[in-house]
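The values are calculated or read from the model by the stated rules, or taken from the named source; none is laboratory data. Given the structure is predicted, the values throughout are model-derived calculations rather than measurements. Here the Cβ positions follow ideal geometry from the backbone for every residue, glycine too, while neighbour counts run over all protein chains shown.
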Amino acid sequence: MNYDSPKQIKAVLQECGIKLKKRWGQNFLINRDVRERIVSILAPGKNDTIWEIGPGLGSMTALLLPLIKQLICFEIDNGLVRWLSQEFASFNNFIIYQGDIVKTWQKALQERGIPSMVFWTKLLIGEVLMLKIANGMMFFGFVGFVTCMCVGLISIIK
């Protein structure tokens, strides 16, 4: 999958019969440099278990899976869950929960334990929110970045 191609993203969505919903704020980050910068900020380790909220078509998922122990995704859109399950079926460290994170996180916590980090991107306002859990203590981090039409990274503010 070429996550940098709006044309291919539209084709996959159409082929799978997936219709995006405004109320869920569904968009796709099509700039690989920005995705790689986000991964760099997250600084995942090989022993990390990360929760990704709203993976969409999996552009961040694809970058994270080879780097970490386990990636647990939460996706509310049934069509995207089906697509992600097929796209990442070959990864033993990929787990997906269908439904709203507000309703499914406790099940994931019981089944999979405490994650090293929780993150999600919300491109409408260009932010990445993450929760790091280290040595039993939780740290909430906000990494804001200004985007130009959600395509290019202009600056990072920590």
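Figures for the structure shown
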item	result
Condition check for Gly141: more than 21 Å from Ile38 (Cα to Cα), surrounded by fewer than 16 Cβ atoms within 10 Å (Cβ to Cβ) and modelled with pLDDT under 85	no
Verdict on Leu124 being surrounded by fewer than 16 Cβ atoms within 10 Å (Cβ to Cβ), part of a loop (DSSP other than H, G, I, E, B) and either at pLDDT below 85 or not hydroxyl-bearing (Ser, Thr, Tyr) (or both)	yes
Glu36 being of a type in the set (Asp, Glu) and either modelled with pLDDT of 95 or more or farther than 17 Å from Gly17 by Cα (or both)	yes
First in the stretch 60-82 and under 19 Å from Tyr3 (Cα atoms), second anywhere and aliphatic (A, V, I, L, M) and surrounded by fewer than 16 Cβ atoms within 10 Å (Cβ to Cβ), Cβ under 6 Å, 6 or more apart	Leu63/Val39
Considering residues of the stretch 39-60 that are in a helix (DSSP H, G or I) and touching a helix residue (DSSP H, G or I) at 6+ places or on another chain (Cβ under 7 Å) only, the residue farthest from Trp83 (Cα to Cα)	Val39
Residue tally, condition touching a Gly at 6+ places or on another chain (Cβ under 9 Å) and surrounded by fewer than 18 Cβ atoms within 10 Å (Cβ to Cβ), over the stretch 108-119	1
Residue within the stretch 90-101 that is modelled with pLDDT under 90, charged (D, E, K, R) and either loosely packed, with under 15 Cβ neighbours inside 10 Å or in a loop (DSSP other than H, G, I, E, B) (or both) present	yes
Matching residues in the stretch 75-86 - criterion: being more than 14 Å from the chain's Cα centre (by Cα) and surrounded by 16 or more Cβ atoms within 10 Å (Cβ to Cβ)	Arg82, Trp83
